[in-house]
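**Student:** Quick one: the structure is below, questions incoming.
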Amino acid sequence: MRESVAPNSPAVAIAGCGVTSAVGRGVASLRTAMRTNQSGLRACERFNGPLFQSNIVGAAPLAGVGGDLDDPAHQLATEALREAREQAHEVLAAIPETRVGLVLSTTKANIEALERLADGRPCSTAAQRHLQSNPLAADLAAANGASGPVQCVSVACVSGLVALQQGAKLIQRGVADAVLVVGVDHLSAFVVAGFTALKAIDTVGCRPFDRDRGGLSPGEAGAALVLARADLAPLSAIRLLGWGNSNDANHLTGPSRDGSGLALAIRRALDSAQLPPSGIDYVNAHGTGTPYNDAMESLALRAVFGEHCPPVSGAKGMLGHTLGAAGLIETILCVLALEDRWLPGTPRLVFPAEGAPASLLIEPRSAARLDRVLKLNTGFGGVNGALILGHE
Amino acid sequence: MNSLFITAASLVSEADVRAARLGSRFGRLDLASQLALLAVEKLAADFDGLGRERVGICLTAAAGSLSTDAAYWNGRAGVGGPSPTLFAYTLPSAAIGEIAIRHRLMGPNLCFVGHESDALSEAAHLILRGEAAACLAVFCHVVTPALAAMIQWSPAARAGALLLQRLDTGLHRWRENDRDIAAMCSLLSAR
């Protein structure tokens, strides 16, 4: 299914990145974690108690945790946007604000406000406003010099990849020259109790693709990328080369057992990037650490790549599952990998599961060739997303 | 075959949900998913003829999933804690999954929290880019009385669906920024 983009549609490049996550503030902290295979998962006393299966989570260094922080979603998104805009300063300086858009990716926005309202705890007007994701998007756009189109995307755990696609489409459609794509979800009792109810949490911390894996670890992050018309960005900027999406049409909370839906999304992405499977040098997997997801993802990779699967790893043992931020922070990891020609490992993976790709990376290492990367995410509702990025 | 046409349209309310007979699973869905699923059902679309792998779904949930969020969180003190079933519907995009499962639609999906016109415009662009052969644009707005009391909004429970196809004729030709379509969205929103 080839994209029928007009021949003069501009290429889209990544001009800046910003992140706050379980491994610290700033892209530099993510790069260090990638280089050293560090895990940011740790015990957090907020999640002690009978509502929670485990207190091992990926908590970001938010100011005010344990105090009275009532709008963590806004804080995480703002920090990430500040860094991404600083990185892209020269590109953004040449573009009028009316030609800068913003796409927000989130699943729960500022769900902290709902918990506070339900408990009768203090909650500021702004925090209540950000319980809804579209006012959060509007406020972030107004505060960050984006007077162009604003969208708020929420497609479960594929939200980040879809938000990147939407940002690129706004540029290719000619309604923006740059788009701030920001993803955020914060740790909440609401979400951790929900995954506990589904018995989906690994009590010792998630171990993607491990034979003993027992589920995911909730995480939180703010992650932002500045997309820009490639002719306005530095020549060396990493580009979005293609994407594909699909639905399993199978189950609301579980992936298809045979991986056919995700395989369809990957094939659509390859077709859109006009690449054969052998054109991919590295796959950054969704890798939640749940038994069914990782098995399904392994089958999908086998269906597309056969016995010649490129190196594969997953980042959720490093960051936790950051939901609406996951696709964006993991894409930033891919950008760093491409810039450094460095293959990330899979933190917390010890014994690869039977059926996992033979090319699964436990430890990180340098790569002789790393030009094209495939990023995957899947989510509740059977949604699958695949994004290909790389050098020009 | 270069024009996009809306070939089917529907509007449903909570009363329609109460009268619906869509099997036992339907009763287990949250209200937003019930409304959205019923709106698509009322289109009576021939998905076999369209090619189910190439039918996309674009959904706008004007109030996100906040009503279901509130119901789920209000149940946290119950026996066994919060409901795992309800937790699965605390995503604005949950209705997309239900529509895809019922009609076995494997095309691309988009979900927005915001104005109804987002879904229609993006559905059209999915077809124009060649990512989908046809696309459902679904609008859903649910504010239960419990949520309305909490956040001072007006209660609402309605959904609408449009089927967009590349054809020579249909109910309405799609044009970007079309005032008739904007009026249709307003009608859906105000009903």
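**Student:** Pairs under 6 Å by beta carbon, first residue within 14 Å of chain B (Cβ to nearest Cβ) and among the acidic types (Asp, Glu) in region A:167-189, partner in a helix (DSSP H, G or I) and crowded, with 23+ Cβ neighbours inside 10 Å, six or more apart or different chains?
**Tutor:** Cβ pairs passing all conditions: A:ASP185/A:LEU323; A:ASP185/A:GLY324; A:ASP185/A:ALA325.
**Student:** May I ask you to say which residue of A:LEU264, A:LEU336 is within 19 Å of the chain's Cα centre (by Cα) and either under 26 Å from A:ALA13 (Cα atoms) or among the basic types (Lys, Arg) (or both)?
**Tutor:** Going through A:LEU264, A:LEU336 in turn, just one is within 19 Å of the chain's Cα centre (by Cα) and either under 26 Å from A:ALA13 (Cα atoms) or among the basic types (Lys, Arg) (or both): A:LEU336.
**Student:** Continuing with this model, one more query. Please verify whether region B:37-52 includes one or more residues that are free of Cβ contacts under 8 Å to residues at least 40 places away in the same chain and within 14 Å of chain A (Cβ to nearest Cβ).
**Tutor:** Yes: region B:37-52 contains one or more residues that are free of Cβ contacts under 8 Å to residues at least 40 places away in the same chain and within 14 Å of chain A (Cβ to nearest Cβ).
**Student:** Restricting attention to region A:230-243, report how many residues are in a strand (DSSP E or B) and of a type in the set (Ser, Thr, Tyr).
**Tutor:** Step one: list which residues in region A:230-243 are in a strand (DSSP E or B), which gives A:239-243.
Applying the additional criterion that residues be of a type in the set (Ser, Thr, Tyr) yields none.
Here the count works out to 0.
Here's the yes/no breakdown for (1) among the hydrophobic types (A, V, I, L, M, F, W, C); (2) in a strand (DSSP E or B); (3) in the same structural domain as A:ARG82 (by TED's automatic domain parsing):
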site: A:PRO208; (1), (2), (3): no, no, yes
site: A:ASP212; (1), (2), (3): no, no, yes
site: A:ALA224; (1), (2), (3): yes, yes, yes
site: A:ALA228; (1), (2), (3): yes, yes, yes
site: A:ASN245; (1), (2), (3): no, yes, no
site: A:ALA249; (1), (2), (3): yes, no, no
site: A:SER256; (1), (2), (3): no, no, no
site: A:ALA263; (1), (2), (3): yes, no, no
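**Student:** Could you say whether any residue in region B:82-95 is closer than 10 Å to B:LEU59 by Cβ, touching a residue at least 40 places away in the same chain (Cβ under 8 Å) and either more than 8 Å from chain A (Cβ to nearest Cβ) or of a type in the set (Gly, Ala, Ser) (or both)?
**Tutor:** Scanning region B:82-95 turns up at least one residue that is closer than 10 Å to B:LEU59 by Cβ, touching a residue at least 40 places away in the same chain (Cβ under 8 Å) and either more than 8 Å from chain A (Cβ to nearest Cβ) or of a type in the set (Gly, Ala, Ser) (or both).
**Student:** Sticking with this one: Hey, among A:ALA141, A:ALA137, which residue is within 9 Å of chain B (Cβ to nearest Cβ) and either surrounded by 20 or more Cβ atoms within 10 Å (Cβ to Cβ) or outside any helix (DSSP H, G or I) (or both)?
**Tutor:** Testing whether each residue is within 9 Å of chain B (Cβ to nearest Cβ) and either surrounded by 20 or more Cβ atoms within 10 Å (Cβ to Cβ) or outside any helix (DSSP H, G or I) (or both) leaves just A:ALA137.
**Student:** Can you name the residue in region B:63-81 that is more than 25 Å from B:ALA159 (Cβ to Cβ) and within 7 Å of chain A (Cβ to nearest Cβ) and, of all such residues, is modelled with the highest pLDDT?
**Tutor:** Once the filter is applied, the top-ranked residue is B:ARG76.
**Student:** Just for region A:361-391: of the residues that are part of a strand (DSSP E or B) and hydrophobic (A, V, I, L, M, F, W, C), which one is nearest to the other protein chains (Cβ to nearest Cβ)?
**Tutor:** A:VAL383
**Student:** Which members of region A:1-44 meet the condition of being of a type in the set (Ser, Thr, Tyr), out of contact with any Gly (no Cβ under 8 Å at 6 or more places or on another chain) and at pLDDT below 95?
**Tutor:** Hit for region A:1-44 is A:SER9, nothing else.
**Student:** Please give the number of the condition B:ASP16 fails out of (1) at pLDDT below 95; (2) in a helix (DSSP H, G or I).
**Tutor:** (1)
**Student:** What number of residues within region A:120-134 are buried (at least 24 other Cβ atoms within 10 Å of the Cβ) and more than 8 Å from every other protein chain (Cβ to nearest Cβ)?
**Tutor:** Of the residues in that region, 1 qualify.
**Student:** Report, by residue number, each residue of region A:268-325 that is aromatic (Phe, Trp, Tyr) and either in contact with a Leu (Cβ under 9 Å, 6 or more places away or on another chain) or closer than 30 Å to A:SER21 by Cα (or both).
**Tutor:** Across region A:268-325, the qualifying residues are A:TYR282, A:TYR292.
**Student:** Let me ask something additional. What residue, among those in region A:247-268 that are away from chain B (no Cβ under 11 Å) and at pLDDT below 95, is surrounded by the most Cβ atoms within 10 Å (Cβ to Cβ)?
**Tutor:** Ranking the candidates gives A:PRO255 first.
**Student:** Can you tell me which residue among A:LEU104, A:LEU117 is under 14 Å from the mean Cα position of the chain (by Cα) and within 11 Å of chain B (Cβ to nearest Cβ)? Spell out the reasoning first.
**Tutor:** Values: A:LEU117 fails: under 14 Å from the mean Cα position of the chain (by Cα).
Going through A:LEU104, A:LEU117 in turn, the sole match is A:LEU104.
**Student:** A further question on this structure: Please state which one of A:GLY194, A:GLY219, A:GLY244 is crowded, with 24+ Cβ neighbours inside 10 Å and free of Cβ contacts under 8 Å to residues at least 40 places away in the same chain.
**Tutor:** The match here is A:GLY194.
**Student:** Is it the case that region A:313-333 has a residue that's farther than 26 Å from A:GLY194 by Cβ, assigned to a loop (DSSP other than H, G, I, E, B) and either in contact (Cβ under 8 Å) with a residue 60 or more places away in the chain or not assigned by TED's automatic domain parsing to the domain that holds A:LEU275 (or both)?
**Tutor:** no
**Student:** Within region A:52-69, how many residues are at pLDDT 95 or above and touching a Gly at 6+ places or on another chain (Cβ under 9 Å)?
**Tutor:** Count: 8.
**Student:** Separate question: For region A:335-378, give me each residue that is farther than 28 Å from A:LEU264 by Cβ and among the basic types (Lys, Arg).
**Tutor:** Within region A:335-378, A:ARG341, A:ARG348, A:ARG365 qualify.
**Student:** I'm checking my understanding of the structure. Among residues of region B:125-136 that are touching a residue at least 12 places away in the same chain (Cβ under 8 Å) and part of a helix (DSSP H, G or I), which one is nearest to the other protein chains (Cβ to nearest Cβ)?
**Tutor:** Restricting to residues being touching a residue at least 12 places away in the same chain (Cβ under 8 Å) and part of a helix (DSSP H, G or I), the top hit is B:LEU128.
**Student:** Confirm whether A:ALA295 is in contact (Cβ under 8 Å) with a residue 12 or more places away in the chain, in contact with a Lys or Arg (Cβ under 6 Å, 6 or more places away or on another chain) and either among the aromatic types (Phe, Trp, Tyr) or over 19 Å from A:ILE329 (Cβ atoms) (or both).
**Tutor:** Considered against the rule, which asks whether it is in contact (Cβ under 8 Å) with a residue 12 or more places away in the chain, in contact with a Lys or Arg (Cβ under 6 Å, 6 or more places away or on another chain) and either among the aromatic types (Phe, Trp, Tyr) or over 19 Å from A:ILE329 (Cβ atoms) (or both), A:ALA295 comes out as no.
**Student:** Residues of region B:101-124 being modelled with pLDDT under 95 and within 7 Å of another protein chain (Cβ to nearest Cβ), which ones?
**Tutor:** Once the filter is applied, which keeps residues that are modelled with pLDDT under 95 and within 7 Å of another protein chain (Cβ to nearest Cβ), region B:101-124 yields B:GLY114, B:ASP118.
**Student:** Counting only residues that are among the hydrophobic types (A, V, I, L, M, F, W, C) and within 10 Å of the chain's Cα centre (by Cα), which one in region A:152-161 is surrounded by the fewest Cβ atoms within 10 Å (Cβ to Cβ)?
**Tutor:** A:CYS157
**Student:** What are the pairs with Cβ atoms under 6 angstrom where one residue, in region A:359-372, is more than 18 Å from A:PRO347 (Cβ to Cβ) and the other, located anywhere, is small (Gly, Ala, Ser)? Sequence gap at least six, or different chains.
**Tutor:** Cβ pairs passing all conditions: A:ASP371/A:GLY390; A:ARG372/A:GLY279; A:ARG372/A:GLY390.
The values are calculated or read from the model by the stated rules, or taken from the named source; none is laboratory data. Note that this is a predicted model, so its numbers are computed, not measured. Methodologically, a virtual Cβ is constructed for each residue, glycine included, from the backbone with ideal geometry; neighbour enumeration extends over all protein chains shown.
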